[in-house]
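One structure is given below, encoded as structure tokens.
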């Protein structure tokens, strides 16, 4: 008696096949419906569709993705086959390329050998153990959950062949002059490791088979069958997703309207009565001009040396400048860039998103802009806009900005794991100083361009910004990526504090012999 | 110049206080509103509220939870202070006690020293490293996400004191004859480790501060201030949650109505045309009565020995019997229990949930029933009902049953980690055999009670059940917790297969010297 338990992949070893005539019949309906659905998804403009093909060589990842392109309008489909990371890609956190390749809303992405590929092969070739594989699966889950929460439809197909069928398939390809290029030595190597391959696949599938991003295991032996399974699964998922998205949209809008009644600019009136850490800053701190100049000269000299060292060590540096309007972010940035080689840094002013940016997940434009090793990017405003201006102005719904804190922590974790030196500043001024500076700008012809109606409106929301900054600091000032608060009523003081902090942080990271201060609570 | 970055806990070291008169004034409004909200949450009957207090000793976890009980109606609040696990608790997976203590919908749970306590102290006392801490945080995130997806409101308060204030607080308590019992030697030990304590807390908070279950760091120095922060944060969260829940409910209902149009009994008609693994079973397999009897006798004898061994080794055994109606689950269970000591097992027939069960997360009733070491529980139907009957009958919404696969995998992972021997069976019969057995029941007076109208209805849904079982096997037949499919058209064959499988699995687990078969795909 055979009492072996059944393995998940056996659900895709049933010898299923579809006759040519049935395939033609079902294909005809399917093509029309997929095309219609693709158009509906585009018209709704709400949610990119992310399709991932993984599985054994010869299982039909390529032909299925080609067929989807044939069935639908390929102008709105991006098909990406990932291979070994390019230099560009290797110099960024691993997920950089998957973020970079995110399609805009309304479009479809098909990815082959994507985010599941490396964990799978690393486990098969025993470069990582089960715990590490699980960690990588959690990272993938975070990525998929983040996108699904933003409305993406995520489908993953595992193309399966059993060992014998795979062998036959590889042999058949090898003997076919037109297609033998498809079989590489590595495919045979992997076939030799077939058993370990399916064990790895089982781990990955069972750890990443979430409601937000389910796997479908596809029996890959019969072409007609597998094409229909892929196409019909996609059709059903798109149908349901379109319905979900339209309900969800109206749910979010209703919710925000109701919450707006409870809150003032995203801040509950009761809770905002609490004191904030930014209020507790001593804004009377100041420097005499002569002190300022001598300290500046010394710090800039140190900075130049340290930055050069960091560049030679191939370190990636990211500076985040956030703060109230007219608090001196721009001036501080110039003091830093003044003394470093223009080929090694870039200032990224972050304004309202462009149409291209707006049509993707809000983190996309920041992922895209991560510098490579040996470079520094200064973000003049940043991803923290999600929990500052977007929260206060209602550009992000309450659910969106509330989950952003953990999305941001995850984003920064990935930078830090890659060795990035991340330094974050919050520039703060008193309400009075802000008003004075606005008035001064108004009265100085060459500064007037800097002042907009929006500035005046933001001035009225001063308290809301202070409170949002307080919550942001509470939730994102981690030991590995802490905020430094810059008292900027006196611009000279603020600039020196920034220069000094950057020097100290760089010293800590690139190994200068300065005594290091411990970051401590209550100190 | 102080250029230290700011640490998240400094947002709760601002010296905030609230005067007695202001406290009285705000408390008055707050109490009334909290009471009203508590009643609204109860009336809506939708979502339990889970409040967790964590933080430093002396930070006010106890007094704040007492005050919430005073402000609201304590009949609908369960306050639980966790301490070292009891014997009962130590014998189950770690999260068993948190599942057991879940309140029914409409009620409020306040937990002190709960799920965050052990990871925190284990890290402080260097019993676990950062990677392990992160793993524990992910487990907590899964727990919270699972409950939040089910509609729970989850709030977590970290009560903070800085080092000096904590010292003063502990000294003051020590000198107060009425309250000195509150300070234990371990509190002073932890105070000595204050710095490591806040580092651990920072890791935990930043890894578990999700949109579904956010942390609020509360400045614990001034009693009035901290009480108001806790109360007012709770008020705001309940207000928003009530709105969310009512929208969400109608969203799910609308969605299900629309999806029902696409699907027949939870199964899309196009996709269900695929073959299923259960159809591929050879249901002609059968045994002669004499063969059956001799094999049964031998297997039962082996089972008795192996089970005794497992009991003496203190192993936990969980058997899951799922399958089509009239496929012989009950008879198989009896064959197992016939030969083992009645004090060491329990058969749990799972029918429609009771009111008590229905008012909680669907996994609650299974968590509650997990056996302790040295015991076996046979679940006659199980948590898989979520993706079988609940899916097909529409008792679970599409989002609910779709995410259940990963919730179930997570649940079983926790059992397996604890060393449970988990054996899962799917009993399958042909449509014809099922019909024959129903008819036989109808015509046999002493079996007629077994047959209900529901059975006839389920018979009509035979194909839907087969397809749901196929998908269940595809998504939950993992290497560590695989399904065994039981061909049961011949009951004798089915029973022997079950006995044989249980023996082989027990041998593998308790170390009998039988040659072990490898579970392999394609075998």
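The values are calculated or read from the model by the stated rules, or taken from the named source; none is laboratory data. What you see is a predicted model, and the numbers here were worked out from it, not measured in a lab. Cβ placement follows ideal geometry from the backbone for every residue including glycine, while neighbour counts extend to all protein chains displayed.
Scanning segment B:398-442 for residues being in contact with a helix residue (DSSP H, G or I) (Cβ under 7 Å, 6 or more places away or on another chain), in contact (Cβ under 8 Å) with a residue 12 or more places away in the chain, outside any strand (DSSP E or B) and away from chain A (no Cβ under 11 Å) gives a total of 6.
Has segment B:19-39 got any residue that is under 27 Å from residue B:248 (Cβ atoms) and in a strand (DSSP E or B)? No, segment B:19-39 contains no residue that is under 27 Å from residue B:248 (Cβ atoms) and in a strand (DSSP E or B).
Flag not set for residue B:393, criterion: surrounded by fewer than 21 Cβ atoms within 10 Å (Cβ to Cβ), within 14 Å of chain A (Cβ to nearest Cβ) and touching a residue at least 12 places away in the same chain (Cβ under 8 Å).
The single condition among (1) closer than 30 Å to residue B:142 by Cβ; (2) at the interface with chain B (Cβ under 10 Å from one of its Cβ atoms); (3) surrounded by fewer than 22 Cβ atoms within 10 Å (Cβ to Cβ) that residue A:194 does not meet is (1).
Those residues that are over 13 Å from residue B:208 (Cβ atoms) and either within 12 Å of chain A (Cβ to nearest Cβ) or modelled with pLDDT under 90 (or both), I need them from segment B:130-149; list them, please.
Of segment B:130-149, the ones over 13 Å from residue B:208 (Cβ atoms) are B:130-132, B:146-147, B:149.
Within segment B:130-149, B:130, B:131, B:132, B:146, B:149 qualify.
Tell me, yes or no, whether segment A:90-105 has at least one residue that is in contact (Cβ under 8 Å) with a residue 12 or more places away in the chain, over 24 Å from residue A:407 (Cα atoms) and in a loop (DSSP other than H, G, I, E, B). There is no residue in segment A:90-105 that is in contact (Cβ under 8 Å) with a residue 12 or more places away in the chain, over 24 Å from residue A:407 (Cα atoms) and in a loop (DSSP other than H, G, I, E, B).
For segment A:46-56, check the following and say yes or no: at least one residue is farther than 29 Å from residue B:485 by Cβ and at pLDDT below 90. Checked segment A:46-56: at least one residue is farther than 29 Å from residue B:485 by Cβ and at pLDDT below 90. When you check residue A:183 against the structure, is it surrounded by fewer than 23 Cβ atoms within 10 Å (Cβ to Cβ), touching a helix residue (DSSP H, G or I) at 6+ places or on another chain (Cβ under 6 Å), more than 8 Å from chain B (Cβ to nearest Cβ) and closer than 29 Å to residue A:19 by Cα, yes or no? For residue A:183, the condition - surrounded by fewer than 23 Cβ atoms within 10 Å (Cβ to Cβ), touching a helix residue (DSSP H, G or I) at 6+ places or on another chain (Cβ under 6 Å), more than 8 Å from chain B (Cβ to nearest Cβ) and closer than 29 Å to residue A:19 by Cα - is met. When A:36, A:43 are checked against the criterion of being out of contact with any strand residue (DSSP E or B) (no Cβ under 9 Å at 6 or more places or on another chain), modelled with pLDDT of 95 or more and more than 10 Å from chain B (Cβ to nearest Cβ), A:36 stands alone in meeting it.
Out of B:386, B:365, report the one residue that is over 25 Å from residue B:88 (Cα atoms), touching a helix residue (DSSP H, G or I) at 6+ places or on another chain (Cβ under 8 Å) and crowded, with 16+ Cβ neighbours inside 10 Å. Explain how you work it out, then say what you get.
Working: B:365 fails: over 25 Å from residue B:88 (Cα atoms).
None of the others qualify; the one that does is B:386.
Residues considered: A:333, A:326. Of these, the only one that is in contact (Cβ under 8 Å) with a residue 24 or more places away in the chain, buried (at least 18 other Cβ atoms within 10 Å of the Cβ), out of contact with any strand residue (DSSP E or B) (no Cβ under 7 Å at 6 or more places or on another chain) and closer than 21 Å to residue A:428 by Cα is A:326. Within segment A:279-292, if we keep just the residues that are assigned to a loop (DSSP other than H, G, I, E, B) and farther than 12 Å from residue A:489 by Cβ, the residue that is nearest to the other protein chains (Cβ to nearest Cβ) turns out to be A:280.
Yes/no matrix, rows are residues, columns are (1) modelled with pLDDT of 95 or more; (2) out of contact with any strand residue (DSSP E or B) (no Cβ under 7 Å at 6 or more places or on another chain); (3) surrounded by fewer than 21 Cβ atoms within 10 Å (Cβ to Cβ):
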| site | (1), (2), (3) |
| --- | --- |
| A:461 | no, yes, yes |
| A:469 | yes, no, no |
| A:480 | no, yes, yes |
| A:494 | yes, no, no |
| A:499 | yes, yes, no |
| A:502 | yes, no, no |
| A:513 | no, yes, yes |
| A:516 | no, yes, yes |
| A:521 | no, yes, no |
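Buried (at least 22 other Cβ atoms within 10 Å of the Cβ), within 11 Å of chain A (Cβ to nearest Cβ) and more than 30 Å from residue B:105 (Cβ to Cβ): is that true of residue B:219 in this structure? Yes: the conditions hold for residue B:219. A single entry from B:95, B:53 fulfils the requirement of being closer than 26 Å to residue B:190 by Cα and touching a strand residue (DSSP E or B) at 6+ places or on another chain (Cβ under 6 Å): B:53. Evaluated against (1) farther than 28 Å from residue B:251 by Cα; (2) in a helix (DSSP H, G or I), residue B:340 falls short on exactly one condition, (2). Set side by side, the residues A:76, A:71 differ, and just one is farther than 12 Å from residue A:111 by Cα, in contact with a helix residue (DSSP H, G or I) (Cβ under 8 Å, 6 or more places away or on another chain) and surrounded by fewer than 18 Cβ atoms within 10 Å (Cβ to Cβ), which is A:76.
Give the residues of segment A:443-492 that are within 14 Å of chain B (Cβ to nearest Cβ), part of a loop (DSSP other than H, G, I, E, B) and touching a helix residue (DSSP H, G or I) at 6+ places or on another chain (Cβ under 7 Å), sorted by residue number. Steps first, answer last, please.
Narrowing segment A:443-492 to residues within 14 Å of chain B (Cβ to nearest Cβ): A:466-488, A:490, A:492.
After this cut, where a residue has to be part of a loop (DSSP other than H, G, I, E, B) as well, the list is A:477-482, A:488, A:490.
Those that are within 14 Å of chain B (Cβ to nearest Cβ), part of a loop (DSSP other than H, G, I, E, B) and touching a helix residue (DSSP H, G or I) at 6+ places or on another chain (Cβ under 7 Å): A:477, A:478, A:479, A:480, A:481, A:488.
Residues that are more than 10 Å from chain A (Cβ to nearest Cβ) and more than 20 Å from residue B:403 (Cα to Cα) within segment B:222-267 comprise B:222, B:223, B:224, B:226, B:227, B:230, B:234, B:238, B:241, listed in sequence order.
Of the residues screened, residue A:190 is not one that is closer than 27 Å to residue A:240 by Cα, touching a helix residue (DSSP H, G or I) at 6+ places or on another chain (Cβ under 9 Å) and assigned by TED's automatic domain parsing to the domain that holds residue A:113. Among the criteria (1) in contact with a strand residue (DSSP E or B) (Cβ under 7 Å, 6 or more places away or on another chain); (2) buried (at least 22 other Cβ atoms within 10 Å of the Cβ); (3) farther than 27 Å from residue A:424 by Cα, the one residue A:236 does not fulfil is (2).
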